[in-house]
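Okay, so here's the structure we're looking at.
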Amino acid sequence: MALSDKEITSAMKKGELGIVPRGFRINPAGIDLRIDRDVRLRPKQHSLVASIERVELSDRLVGFLHLRSSLAREGLFASLALVDPGFRGQLTVTLYNSGDSPVNLTKGERFIQLSLLRLGKPAIKKYAGRYQNSTGVVASRRRKNLTHKIMESVIQGPGG
């Protein structure tokens, strides 16, 4: 079940949810997060951006990100993902301008909403991936592991 504004506030008081710094906005069924810098997206251009806020989820909460509808109405798309239980850090999002006009976002402007669901039972495994404790914009780390594995294979030879 999605958390209401009352449940979000309660989760923060209980330490199940942490969001810093203040300045975010709690809505009836989510939290609006702000963009970390000024961005101008020309038509057909994309950019990685981050939330100003650092988010910390307990093992009882999972988050879903949504682009604010006013931005979608201007032609923006966003690569939005699940925020796993146990995640800590700033959130990196790819924005893409599919429209015919530039779209400007100002540092501190609300751009994504975090909706939260309470798990029936706490997660056994909390998030411990390569984006834990992210700060600022974090590019894909998928290639780092791929490159490392390729180098190990070259060093060790075909017999591994």
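Here, each number is a calculation from the coordinates, and none is a lab measurement. Because the structure is predicted, anything quoted here is derived from the model rather than measured. Counting neighbours? That spans all protein chains shown, and the Cβs are built from the backbone with ideal geometry, glycine included.
Across the range 125-142, computed HN-Hα scalar couplings (Karplus, 6.51 cos²θ - 1.76 cosθ + 1.60, θ = phi - 60°) run 10, 7, 4, 9, x, 6, 10, 4, 6, 4, 10, x, 6, 10, 5, 4, 9, 4 Hz from first to last residue, x flagging Gly and Pro. The trypsin sites (Lys or Arg not before Pro) of the range 17-71 that DSSP puts in a loop, and whose beta carbon has at most 13 other beta carbons within 10 Å, are 22, 44.
Pairs of Lys residues in the chain, spaced 8 or more positions apart or belonging to different chains, with C-alpha separations under 29 angstrom: 18 in total. The string of couplings for the range 47-54 from the Karplus curve (6.51, -1.76, 1.60, θ = phi - 60°) is 7, 7, 9, 10, 6, 5, 6, 9 Hz, one whole number per residue in order, with x for Gly and Pro. Segment residue 72..residue 44, full-extension length gain: 8.7 nm, with 0.36 nm per residue of separation and the alpha-carbon distance subtracted. Only the Cβ atoms of Lys and Arg (+1) and of Asp and Glu (-1) were treated as charged; on that basis the dipole of the range 5-156 about its Cα centre amounts to roughly 280 debye.
Quick one: grab the alpha carbon gyration tensor of the range 5-156, order the square roots of its eigenvalues as a ≥ b ≥ c, and give me rounded if a/c is under 1.5, else prolate or oblate depending on whether a/b is larger than b/c. It comes out oblate by the Cα gyration axes. Remark: spin-label model distance residue 125-residue 143 equals 2.7 nm, labels positioned 7 Å along the Cα→Cβ axis. Look at the dipole of the chain built from charges on Cβ: of 51, 79, 124, the Cα furthest out on the positive end belongs to 124.
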